[in-house]
C-alpha cells in the first residue's frame, strides 16, 4: 500500500497532524478527578490489599475485570497525586497512537513514515468523533477501563489477521494472550473480542481455510470466557440494574440510539472527506477484500454490544463510555466497507491529477478542525473555559471538604462545564457524584 503524496509532503502532513493533536495533550494538564475516581481510590487505600487479593476481591464482589483493575490499583489518586492524574490522559493517548501504529504497519511494510501518517490521520479523526471526549481520555476510571480495552483490541485484531496469513502455533498463542488482556478490561470488550473471534471463524469456515489450530484457540478461549461470565462480581453488578429492564422500551430506545450513533459516525466532515479519499485512491490500497456481509455483521455487532446490551442492563445509554470504546473500531470497519464497495463497483473510476493527494489532505485537515470535539476543544482552550474549570474544581474540592450540608447544598456547580469534564457536583442530590469526593477528601486530604 502507498500514500498518494510525495515523501516531503508526507513529512509536512505528519507535522500538521501532530500539531493538531497537541491541544488534546495540553488540555489533559487541566484534567481533574470526579465521582468513581475518588471511590475506587479510597477503596484501594482503605483495604490495603496486595494486587492479587485486590483482583480476587474485584472478581468476587464487583465485576470480572482484571486488566483494567490493575490500572485502578495503581491509579494516581491512590498515592494522592494530582500531577499523575493530569499526565494519565497523555500516556493513554500515546498508547492509543502506539496501538494504531502497530496495527497499521502490516499494511505499510517497511514504510514507517506512511504508517505514522495513517496512524495520526486516523487518530485525529477518532479523537474528534468520540461521543464523550471526557470519558475517552480525561476521566481516569472510565478511560483506563474502556479506552484501554480498545487500545488492546487492535493487537488482538492484528493477531487474527496475521494468523490468516501465517498459520503458526506462536501466532495462535498470541491470539489467546491478546484476547485475555483485552477481554478483561470490561464486559463490552469481552463481547467485542468474542464476537470478532466468532466472525473470523465463520469467515474461515466459509472460505474453507479453517486451520486445526483454530480448535485449540476456540477451546481455550471458550473456557476463559465462561470463567469471566460466571464471575460472582458480574451477578452482583447486574443485580444493581435488574429493575430497569423494560424490553419493549429498551428495543425502541436502542434502535433509535443505534441509528443516531451510526449517523454521527458516518455523516460528519471527517468521515465524508475520508469516504471521498477512498473513492479517489481506493485502487492503490492493496488490502484483501472479504465478502461484504461479514463487514456488515461486524458493524451490526458493534452497535449491538455498545448500545443494545448496555441499555438492556442499565435501562439507559446515558453513559457514553461503551459507545466511545467502539468508535475507532466502527470507523475502521466502516472505511473498510467503503473500500470493499469501491473496489467491487467502481473499479474503473479514475479522478486524479498531480496535486489530488495534497488537496485531499488539506480537505481532511479542515474537516477534522470542524468536526465536533476538535472544534470545541480548540475553542475552550482559546477562551479559557478549560482553565477556568480547573481553577473552579480546585476551589470546589476545598468547599466539599468543609461542607456541613448533607448533600453538598452549599457547594456550587461549575459555572460552565468543559468538554473534558465528565461529572460535576450536584448540590442537593444524594448521589455518588457528591459522596465519592467527600469520602476521599475527608480521609486523604486536598489534592494539590
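The values are calculated or read from the model by the stated rules, or taken from the named source; none is laboratory data. All of these numbers come straight from a predicted model, not from anything done at the bench. Heads up, the Cβs are rebuilt from the backbone with ideal geometry, glycines too, and the neighbour counts pull from every protein chain shown.
The table below lists the values:
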quantity: Some residue of the stretch 8-28 being surrounded by fewer than 20 Cβ atoms within 10 Å (Cβ to Cβ) and either in contact with a strand residue (DSSP E or B) (Cβ under 8 Å, 6 or more places away or on another chain) or not in a helix (DSSP H, G or I) (or both); calculated: no
quantity: Per-region count, the stretch 29-58, residues surrounded by fewer than 18 Cβ atoms within 10 Å (Cβ to Cβ), over 21 Å from residue 437 (Cα atoms) and in contact with a helix residue (DSSP H, G or I) (Cβ under 9 Å, 6 or more places away or on another chain); calculated: 4
quantity: The stretch 59-69, subset in a helix (DSSP H, G or I) and buried (at least 16 other Cβ atoms within 10 Å of the Cβ), residue farthest from the chain's Cα centre (by Cα); calculated: 59
quantity: Some residue of the stretch 89-98 being out of contact with any strand residue (DSSP E or B) (no Cβ under 6 Å at 6 or more places or on another chain), part of a loop (DSSP other than H, G, I, E, B), buried (at least 17 other Cβ atoms within 10 Å of the Cβ) and at pLDDT 90 or above; calculated: no
quantity: When residues of the stretch 397-418 are limited to those that are under 29 Å from the mean Cα position of the chain (by Cα) and either under 14 Å from residue 436 (Cβ atoms) or touching a residue at least 24 places away in the same chain (Cβ under 8 Å) (or both), the one surrounded by the most Cβ atoms within 10 Å (Cβ to Cβ); calculated: 418
quantity: Residue count for the stretch 358-387, restricted to those that are in a helix (DSSP H, G or I), out of contact with any helix residue (DSSP H, G or I) (no Cβ under 7 Å at 6 or more places or on another chain) and either buried (at least 18 other Cβ atoms within 10 Å of the Cβ) or modelled with pLDDT of 90 or more (or both); calculated: 7
quantity: Close pairs (9 angstrom Cβ cut-off, 6 or more residues apart or separate chains): surrounded by fewer than 12 Cβ atoms within 10 Å (Cβ to Cβ) in the stretch 202-222, at pLDDT 85 or above and not in a loop (DSSP other than H, G, I, E, B) anywhere; calculated: 209/203
